[in-house]
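Participant: Once you've had a glance at the structure underneath, I'll fire off some questions.
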Amino acid sequence: MSRSLVFRKQARQEFDAASDWYERERPGLGQAFLSEVDRVLQIIVNNPDAFPEVPAGIRKAVVKRFPYCLYFRIRGEAIVVLAVFHSARNPVVWQARN
């Protein structure tokens, strides 16, 4: 089953800001971040139940090579990305969005 992918506004802003930051740090690194997040998103779309719930109803996917996690919710035929979150940040920030 193929699902649609929807980013909440804050998640899209986090994603864009992280990509921009990596690109400023080293040219090409921002593109590497985008590629890795895209790879994880494709896995999520194809098999969202493979990821653990943290807390109930919200799932977490770890981005390899970069200290980020994607938090998402399954809503019918859609995957709603709630946060693209640096693992060093306080999780209360993204949890307050729900």
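Participant: Pairs, please: C-beta under 7 Å, at least 6 apart or cross-chain, first residue in contact (Cβ under 8 Å) with a residue 24 or more places away in the chain and in region 43-57, second among the small types (Gly, Ala, Ser)?
Facilitator: Partner pairs satisfying both residue conditions: Ile44/Ala61; Val45/Ser2.
Participant: What residue, of Arg24, Arg39, is over 12 Å from the mean Cα position of the chain (by Cα), basic (Lys, Arg) and modelled with pLDDT of 95 or more?
Facilitator: Arg24
Participant: Now, a different point. When region 1-42 is examined, which residues are found to be outside any strand (DSSP E or B) and under 18 Å from Arg75 (Cβ atoms)?
Facilitator: Of everything in region 1-42, those that are outside any strand (DSSP E or B) and under 18 Å from Arg75 (Cβ atoms) turn out to be Met1, Ser2, Arg3, Arg8, Lys9, Gln10, Ala11, Arg12, Leu41.
Participant: Determine whether region 12-21 contains at least one residue that is aromatic (Phe, Trp, Tyr), surrounded by fewer than 16 Cβ atoms within 10 Å (Cβ to Cβ) and out of contact with any Pro (no Cβ under 6 Å at 6 or more places or on another chain).
Facilitator: Looking only at region 12-21, we keep the residues that are aromatic (Phe, Trp, Tyr), and these are 15, 21.
Going one step further and asking which of them are surrounded by fewer than 16 Cβ atoms within 10 Å (Cβ to Cβ), we end up with 21.
Those still in the list that are out of contact with any Pro (no Cβ under 6 Å at 6 or more places or on another chain) too: 21.
Yes: one or more hits.
Participant: Across region 73-87, what is the total count of residues that are among the hydrophobic types (A, V, I, L, M, F, W, C) and within 14 Å of Glu14 (Cα to Cα)?
Facilitator: 5
The values are calculated or read from the model by the stated rules, or taken from the named source; none is laboratory data. This one's a predicted model, so the numbers in the text were calculated from it and none came from an experiment. Cβ coordinates were reconstructed from backbone atoms using ideal geometry, including for glycine residues, and neighbour counts include every protein chain displayed.
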